[in-house]
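Undergrad: The following block contains the structure, expressed as structure tokens.
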Amino acid sequence: DPAMAERVAAYGIPTGTLRVGGDAMLPDALRAAAVLRREKPDALILTTFKKVLLVGAGARLARVPLVVQRIVLETDSPARGARYRWALRRLVDRIAFNADAMR
């Protein structure tokens, strides 16, 4: 989200965004991995639940040490399907919720 990146950058924190297509866009995951490998971030915050599989895989390929999934909507849960459950277990280190009710 470019708007979020701007807000974070205002605090002097280096930021960037990666655009990734749908689940069939494996080349986007590989491109993300290449960018992450070059940038060597200390952490990656995933701000969309739908892309956790692709971007999480890219982060693992790039050996990003900490992958955090931010979950905003109550409908964004592992109940959405097996691929989300697998991705959250294998590709994400931490989950951040926006509301106590979601925890």
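The values are calculated or read from the model by the stated rules, or taken from the named source; none is laboratory data. What you are looking at is a predicted structure, and each value in this text was computed from that prediction instead of being measured. Here the Cβ positions follow ideal geometry from the backbone for every residue, glycine too, while neighbour counts run over all protein chains shown. Please note that ligands, DNA and RNA were not included when accessible areas were found on the heavy atoms of the full protein model with its side chains. Shrake-Rupley method; radii C 1.70, N 1.55, O 1.52, S 1.80 Å.
Undergrad: Considering only protein heavy atoms, what per residue accessible area in square angstrom results for the chain with a 1.4 angstrom probe?
TA: Numbers: 6940 Å² over 103 residues.
Per-residue accessible area for the chain comes out at 67 Å².
Undergrad: So, with a 1.4 angstrom probe, what is the percent of accessible area on the chain that is carbon and sulfur?
TA: 55 percent
Undergrad: Mind giving me the nanometre distance, one decimal, between the label points for residue 85 and residue 26, set 7 Å out from Cα along Cα→Cβ?
TA: Modelled inter-label distance: 2.4 nm.
Undergrad: Still on this structure: Using a 1.4 angstrom probe on the protein heavy atoms only, could you order 93, 28 from most to least accessible area?
TA: Result, largest first: 93, 28.
Undergrad: Using Cα pairs closer than 8 Å and at least 6 residues apart in sequence, work out the relative contact order for the chain, in percent.
TA: Relative contact order comes out at 23 percent.
Undergrad: Further question on the same structure: Could you work out, for the chain, what percent of all Cα-Cα pairs fall into each 10 Å distance bin, beginning at 0 Å and stopping at the bin that holds the largest distance?
TA: Going from the shortest bin to the longest, the percentages are 15, 48, 32, 4.
Undergrad: Here's something else I'd like to know. Between residue 98 and residue 61, 0.36 nm times their residue separation minus their Cα-Cα distance comes to what?
TA: Stretched out fully, the residue 98 to residue 61 stretch lengthens by 10.5 nm.
Undergrad: OK, next. Helix hunt in the chain: which complete DSSP H runs extend at least 18 Å axially by C-alpha with mean Kyte-Doolittle at least 0.0?
TA: 26-39
Undergrad: Report the Rg/Rh value for the stretch 6-45, based on alpha-carbon coordinates and the Kirkwood definition of Rh.
TA: 1.04
Undergrad: Keeping all protein chains in place and using 1.4 angstrom, which order do 97, 49 fall into by accessible surface area, from largest down?
TA: The most accessible residue leads, giving 97, 49.
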